[in-house]
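The values are calculated or read from the model by the stated rules, or taken from the named source; none is laboratory data. Bear in mind the structure is a predicted one, so any value in this text is a computation, not a measurement. For neighbour counting, all protein chains shown are included, and Cβ atoms are generated from backbone atoms with ideal geometry for every residue, glycine included. Just so you know, the surface numbers come from the protein's heavy atoms only, side chains and all, with ligands and any DNA or RNA stripped out. Shrake-Rupley method; radii C 1.70, N 1.55, O 1.52, S 1.80 Å.
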Amino acid sequence: MALSRGDDYPIHQTPDPVAFAGTDRNFYDRYFFNGYAPDGSSFFAVAFGIYPALDVADAHFCVVRDGVQHCLHASRRLGMERMELSCGPIRIEIVEPLKTLRVIVDGEGIAADLTFTGRAAPIAEPRFTWRVGPRTVMDYTRMTQNGHYEGWIAVDGVREALPQGSMGTRDRSWGVRPVGAADPQFAGRAVPQFFWQWTPINLPARSAFFHLNAHADGSAWNTRAVIAPDGGTAETFIEDHAPIMVAPLADGTRWPAHGDLTIAGERFSLEPLSRFQMRGLGYTSPKWGHGLDHGALEVEREDIDLAGIDPARPDNLHVQMLCRVTDVRGEQGLGVFEQLAIGDYAPLGLTGLSGRD
């Protein structure tokens with residue numbers, strides 16, 4: 001038996017102590033945040049994950065300034081303690097569950113103190129279950145919430161307060177995804193295929209959410225959209241289980257050039273203002289991929305010149321585009337358009353791992 005702080009809380013769902021999370025080595029539990037100024041002039045993001053069966057925790061913080069994405073990476077041994085929400089220089093505090101969270105950062109010349117407060121209750125996205133042949137590749141749940149931020153960020157001694165009205169999105173997801181070292185027995189059977197779009201949007205008095213996972217022929221295996229008024233709960237949300245996104249690619253890339261989204265008959269136009277590389281948070285990163293074992297503790301800074309990257313390199317495919325969003329009435333807000341297109345995707349003429357037809 002391995003007892004931990006979580007065992008003093010009434011949260012058990014099996015006879016096992018909280019330190020044990022079933023039998024799948026790919027089980028994970030993650031926090032994600034992004035945020036931006038109301039005029040779109042700045043962007044930051046955070047990720048924090050634990051991997052109980054791998055006994056690893058990792059965390060990442062990024063902020064974009066003057067065309068450079070400054071990234072702070074950290075990884076440590078979990079020690080079978082899931083209630084410790086810190087990893088080296090990055091820490092999360094839950095101030096009020098489902099509403100207010102705080103992120104504190106201090107390391108390698110990057111520091112921040114940020115407080116997120118939700119605009120409405122989180123939305124629960126449909127459970128994601130994806131199988132390739134006999135293998136369950138993904139089986140997880142995510143809740144997503146838009147909100148406002150207060151606080152500050154400093155890079156190399158230059159401290160900037162978040163502008164009033166700063167906003168963004170946070171999510172919590174848990175379940176099974178490919179994490180840690182790749183499985184050599186399953187790898188290489190075929191060119192991988194994965195298509196993902198996600199667009200949490202902040203409008204003046206409401207939020208809009210859309211996501212799509214699709215097969216190579218374009219057919220959806222998980223999709224939904226929600227419109228959530230400020231202060232709303234699930235009973236007041238508008239849901240659409242067949243939303244439509246039309247989004248051509250920017251020349252020479254697998255990144256969206258712009259988007260036209262229709263939710264419950266209402267159209268939203270998304271025009272990119274800037275780009276964020278998700279590898280800065282560990283997604284598809286060869287070195288800082290989620291769940292990789294870096295020993296007792298490793299911390300590293302990475303600075304990405306956003307204008308100088310190769311858009312066809314596999315670890316640069318996954319992006320979030322900060323967008324100006326306009327609805328049919330001319331109401332404007334901001335949101336992100338996240339996209340990851342790996343392998344074939346017929347609606348956009350994509351073939352191969354990272355090329356274009």
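Taken about its Cα centre, the stretch 1-67 carries a charge dipole of about 100 debye when Lys and Arg each add +1 at the Cβ and Asp and Glu each add -1 at the Cβ.
Among 296, 242, 208, which one shows the highest mean-square fluctuation when the chain is modelled as a Gaussian network with alpha-carbon springs under 10 Å? Among 296, 242, 208, the largest GNM mean-square fluctuation belongs to 296. Between residue 271 and residue 205, the contour length at 0.36 nm per residue exceeds the alpha carbon distance by 21.8 nm. Computed from backbone phi with θ = phi - 60° and the Karplus coefficients 6.51, -1.76 and 1.60, the 3J(HN,Hα) list for the stretch 106-116 is 6, x, 6, x, 10, 9, 6, 9, 10, 10, 9 Hz; x is used for glycine and proline.
Taking max minus min of the alpha-carbon positions on each principal axis, the stretch 246-357 gives extents of 53, 32, 28 Å, largest first. In the chain, taking the dipole from charged Cβ atoms about the Cα centre, the farthest positive-side position among 53, 145, 95 is held by 53.
For residue 88, no residue whose modelled amide H falls within less than 5 Å of its own remains once neighbours fewer than 5 places apart on the same chain are excluded. Taken over the stretch 19-77, the convex hull of the Cα atoms encloses 81 Å³ per residue. Placing +1 on the Cβ of every Lys and Arg and -1 on the Cβ of every Asp and Glu, with nothing else charged, gives the chain a dipole about its Cα centre of roughly 460 debye. Here the dipole of the stretch 9-157 is about 520 debye; that uses its Cα centre as origin and unit charges on the Cβ of Lys and Arg (positive) and Asp and Glu (negative). The ellipsoid equivalent to the alpha-carbon distribution of the stretch 238-304 has semi-axes of 35, 17, 10 angstrom, derived from the gyration tensor eigenvalues as √(5λ) and listed largest first. The phi-based Karplus calculation (6.51 cos²θ - 1.76 cosθ + 1.60; θ = phi - 60°) puts the 3J(HN,Hα) values of the stretch 68-76 at 10, 9, 8, 10, 10, 10, 8, 8, 8 Hz, whole numbers, x for Gly and Pro. Take every Cα pair under 8 Å whose residues are at least 6 apart in sequence, average their separation, divide by the length of the chain, and the relative contact order is 17 percent.
In this structure the amide hydrogen of residue 244, modeled in the peptide plane, comes within under 5 Å of the amide hydrogens of 262, none closer than 5 places in sequence on its chain. For residue 244, the solvent-accessible surface with a 1.4 Å probe is about 100 Å², rounded to the nearest 10. Of the three principal axes defined by the Cα atoms of the stretch 147-297, the extents in descending order read 49, 48, 37 Å. Between 234, 212, 176, the Cα set farthest toward the positive side of the dipole of the stretch 169-234 (charges on each charged residue's Cβ, about the Cα centre) is that of 234. Working from Cα pairs under 8 Å separated by at least six residues, relative contact order for the stretch 220-309 is 16 percent. Look at the dipole of the stretch 73-217 built from charges on Cβ: of 117, 194, 164, the Cα furthest out on the positive end belongs to 194. Phi-derived couplings, Karplus 6.51 cos²θ - 1.76 cosθ + 1.60 at θ = phi - 60°, listed residue by residue for the stretch 196-209: 9, 10, 8, 9, x, 10, 9, 9, x, 10, 7, 10, 10, 9 Hz, with x used for Gly and Pro.
Highest GNM mean-square fluctuation among 74, 307, 220, for the chain modelled with Cα contacts below 10 Å: 307. Taking 262, 223, 236 as the candidate residues, the one with maximal mean-square fluctuation in a Gaussian network model of the chain, Cα springs under 10 Å, is 236. So, counting K/R as plus one and D/E as minus one, what does the shell of residues with Cβ under 9 Å around residue 328 add up to? With Lys, Arg at +1 and Asp, Glu at -1, the neighbours total -1.
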